[in-house]
1. Scan the range 19-47 for residues that are assigned to a strand (DSSP E or B) and at pLDDT 65 or above and report the count.
2. Any residue at all in the range 124-139 that is of a type in the set (A, V, I, L, M, F, W, C), out of contact with any Ser or Thr (no Cβ under 9 Å at 6 or more places or on another chain), assigned by TED's automatic domain parsing to the domain that holds Arg278 and free of Cβ contacts under 8 Å to residues at least 24 places away in the same chain?
3. Please find, within the range 221-257, the residue that is modelled with the lowest pLDDT out of those that are closer than 20 Å to Asp207 by Cβ and out of contact with any strand residue (DSSP E or B) (no Cβ under 8 Å at 6 or more places or on another chain).
4. Can you find a residue in the range 233-251 that is without any contact (Cβ under 8 Å) to a residue 40 or more places away in the chain and within 30 Å of Glu121 (Cβ to Cβ)?
5. Of all residues in the range 91-108, which are surrounded by fewer than 16 Cβ atoms within 10 Å (Cβ to Cβ) and under 21 Å from Arg280 (Cβ atoms)?
6. What about Gln150, is it of a type outside the set (Gly, Ala, Ser), at pLDDT below 95 and under 26 Å from the mean Cα position of the chain (by Cα)?
7. Can you pull out the residues in the range 178-206 that are farther than 22 Å from Gly258 by Cα and touching a strand residue (DSSP E or B) at 6+ places or on another chain (Cβ under 7 Å)?
8. Could you please let me know if Tyr58 is farther than 24 Å from Arg128 by Cβ, buried (at least 17 other Cβ atoms within 10 Å of the Cβ) and either outside the structural domain of Arg280 (by TED's automatic domain parsing) or free of Cβ contacts under 8 Å to residues at least 24 places away in the same chain (or both)?
Amino acid sequence: MRRLRRSTGLSRRRDGRRRLPDWRRRTPTGRGDRLFKRFIATEDEDEYVAEGVCFEAYWQYRAGSVQLHFSIDPGHSTERVLPNLYASLLAYLERRGERVDRLRCGASEEDAARMRFLRDEGFREVMRWPSSELRLAEFDAAEHAPYPEQIEQDGIRILTLRELKAEVSDWKRRLRDLRFELLVDVPAPDPPTKPTMAEFEEMILQDPALVEEGYFVALAEDGSLVGMSNLWRNDETGKNLDTGLTGVVRDYRRRKLGTSLKLHTVRYAQAAGADTIRTRNEEESPMYGLNRELGFAPKPAWISLEKRFPG
């Protein structure tokens, strides 16, 4: 690795449009009034081999909490690249005089080199999210047939995002508010920060992985939005879909509404020709138990690690 530099890290396709390398498609984004700096590691001018980002998460803001994100090309050594990126990010924070009470970083438990480096640097585990995967060819929707009908008897309708936009006035604000209400109950190291409408549009509605026909929202008889579950096409082939947020507002829980919403996503994925649905939940979350009941098989967990700086 010849050098580190601050850069967008984008290569160009033959048609002139910028393209992200496959290994770094899912990276954090910044907001103008929050800390955000990206470093790119290169072997030469044309080959990006890794990136490191330090940022304040505007969707989960806490003063003094700085998040670190690393993406490394699988063809390059983590042991060689990661220390260089990490040192560059720390040096940048020191030069800026940033207040840093804690650093946060995530890693898959199967990434032994990254886990070992972070622990050696003083990071300690604070939360664990087991991953799980549903193989759609093995899923029998008939076993769960009564649930959608039961929901309809309770006067609840389940709409796709496309149908919601056509039927519900002020749908955008109400969807933003529903999503935030659900996120408050999702286990996380820090509580969520309610996004502005512009942030919500950028994070959700403008995400190229959004699938409107795979984004389901529960609508109660009184017109309120009471639950959601959605799929995201981060895999360009569409064969492997990711679950986003699944949840039900408190007054409508214990009615199998969450199960019904999940079943809608599974049936959409099967009809769309996908092979798998992948998801991740905090290990004590009821949603993790629901996924296991539906046949999601456990996979390596994602670990949130934290390094604190006393005083």
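The values are calculated or read from the model by the stated rules, or taken from the named source; none is laboratory data. Just so you know, these numbers come straight off a predicted model, no measurement behind them. In this analysis, Cβ positions are derived from the backbone assuming ideal geometry, glycine residues included, and neighbour counts consider all displayed protein chains.
1. Filtering the range 19-47 down to residues assigned to a strand (DSSP E or B) leaves 19, 36-44, 47.
After this cut, where a residue has to be at pLDDT 65 or above as well, the list is 36-44, 47.
Within the range 19-47, residues that are assigned to a strand (DSSP E or B) and at pLDDT 65 or above number 10.
2. No, the range 124-139 contains no residue that is of a type in the set (A, V, I, L, M, F, W, C), out of contact with any Ser or Thr (no Cβ under 9 Å at 6 or more places or on another chain), assigned by TED's automatic domain parsing to the domain that holds Arg278 and free of Cβ contacts under 8 Å to residues at least 24 places away in the same chain.
3. Quick first cut of the range 221-257, residues closer than 20 Å to Asp207 by Cβ only: 225, 228-247.
Now narrow it down to the ones that are out of contact with any strand residue (DSSP E or B) (no Cβ under 8 Å at 6 or more places or on another chain): 236-238.
Details: Glu236: 84, Thr237: 89, Gly238: 89.
Among residues in the range 221-257 that are closer than 20 Å to Asp207 by Cβ and out of contact with any strand residue (DSSP E or B) (no Cβ under 8 Å at 6 or more places or on another chain), the one modelled with the lowest pLDDT is Glu236.
4. Yes, there is a match, as at least one residue in the range 233-251 is without any contact (Cβ under 8 Å) to a residue 40 or more places away in the chain and within 30 Å of Glu121 (Cβ to Cβ).
5. So the first thing to find is which residues in the range 91-108 are surrounded by fewer than 16 Cβ atoms within 10 Å (Cβ to Cβ), and the list is 91, 94-99, 101, 108.
Result: Ser108, single match.
6. Taking the combined requirement at face value, the residue does not satisfy it.
7. Pro189, Asp190
8. Values: farther than 24 Å from Arg128 by Cβ: yes; buried (at least 17 other Cβ atoms within 10 Å of the Cβ): yes; either outside the structural domain of Arg280 (by TED's automatic domain parsing) or free of Cβ contacts under 8 Å to residues at least 24 places away in the same chain (or both): yes.
Taking the combined requirement at face value, the residue satisfies it.
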